[in-house]
Amino acid sequence: MVRDFWDYEAQFPEKFFTYRRGSEIIRQIADHLPEDGTILDYGCGPGNLIAPLLEAGYRVAGLDSSPSARQQVAERFGNEDGFLGAYEQKEIDLSGLRFDVIIVAEVIEHLYDDQLDSLLETLRTLSNPGTRIIFTTPNEEVLEDSYILCPVSRKLFHRWQHVRSWSGDSIRDYLGPRGFEVITTFTTDFDVTFDTRRSKHPLRDKWSALRQTLKYRTRPDKKRPHLVIIARAGKTAA
């Protein structure tokens, strides 16, 4: 069901979190990206992060469970220098590929323990000794704020299928016993700037970005909505 949901959503790339925030995400994590290395966008969707990474000169591959998303990515970037391909899980497990950076953007809030632990093992097998794994996720999200009612089943569910909320402390507590070292975490707001090339109203969006910046300067206690975790795979947990 999850695969079918995202296979359908892949038809509408503008609805993805990374559509307007992709360039800003890359800008904010740029210090953790290699000057000459390979990057995997894990859960790449229709390729909204791959585009700014290729524009910045990186060599990039994508991985996604949705056949529709992989097809879009392959068609969109197939002729681009630096594009390393779009893979499904089984393909990349058998490929022998290793990456210098793995970006896992807006994925871990969607996974229960079994799926998350499987993801971590995949990240380990795709890592070199020095590989950095970069997670982004909502910061201390109140899940109930995004609940909606299914009129068929009469069940409440999160409109984007988020099943857990993360903080800097909880991600350290989860990753540590599983053999992953958290190098650093920081909270941020990826909405502070906008990719005005994709905006129909660039002046309005620039003004909105300025307002976002001033909001945190005038209210230093205000919680930023996004969490970034820089980690690496260490020894396998006992």
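The values are calculated or read from the model by the stated rules, or taken from the named source; none is laboratory data. Here the structure is a predicted model, which means the values were calculated and not measured. Every residue, glycine as well, gets a Cβ built from its backbone with ideal geometry; the counts of neighbours run over all protein chains shown.
Quick notes on this one:
- Within the stretch 25-38, residues that are without any contact (Cβ under 8 Å) to a residue 40 or more places away in the chain and in a helix (DSSP H, G or I) have Cβ atoms under 6 Å from residues that are surrounded by 15 or more Cβ atoms within 10 Å (Cβ to Cβ) and not polar (S, T, N, Q) in these pairs: Ile26/Pro52, counting only partners at least 6 apart in sequence or on another chain.
Here's the yes/no breakdown for (1) small (Gly, Ala, Ser); (2) crowded, with 21+ Cβ neighbours inside 10 Å; (3) farther than 22 Å from Phe186 by Cβ:
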position: Asp31; (1), (2), (3): no, no, no
position: Pro46; (1), (2), (3): no, yes, yes
position: Ala56; (1), (2), (3): yes, no, no
position: Gly62; (1), (2), (3): yes, yes, yes
position: Ser65; (1), (2), (3): yes, no, yes
position: Ala69; (1), (2), (3): yes, yes, yes
position: Val73; (1), (2), (3): no, yes, yes
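- Selection from the stretch 11-29 of residues that are of a type in the set (Val, Ile, Thr) and within 21 Å of Thr184 (Cα to Cα): Ile25, Ile26, Ile29
- Given (1) of a type in the set (Lys, Arg); (2) crowded, with 16+ Cβ neighbours inside 10 Å; (3) within 26 Å of Ser165 (Cβ to Cβ), index of the condition Lys15 fails: (2)
Each row is one residue, and each column tells you yes or no for (1) in contact with a Lys or Arg (Cβ under 7 Å, 6 or more places away or on another chain); (2) of a type in the set (A, V, I, L, M, F, W, C).
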position: Glu9; (1), (2): yes, no
position: Ser23; (1), (2): no, no
position: Gln28; (1), (2): no, no
position: His32; (1), (2): yes, no
position: Cys44; (1), (2): no, yes
position: Gly47; (1), (2): yes, no
position: Ala56; (1), (2): no, yes
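- Of all the residues in the stretch 73-103, those that are polar (S, T, N, Q) and in contact with a Ser or Thr (Cβ under 9 Å, 6 or more places away or on another chain) number 1.
- Flag if Lys15 is in contact with an Asp or Glu (Cβ under 7 Å, 6 or more places away or on another chain), at pLDDT below 95 and of a type in the set (Lys, Arg): yes
- Residue within the stretch 55-74 that is touching a Leu at 6+ places or on another chain (Cβ under 9 Å), assigned to a loop (DSSP other than H, G, I, E, B), at pLDDT 85 or above and closer than 21 Å to Ile133 by Cβ present: yes
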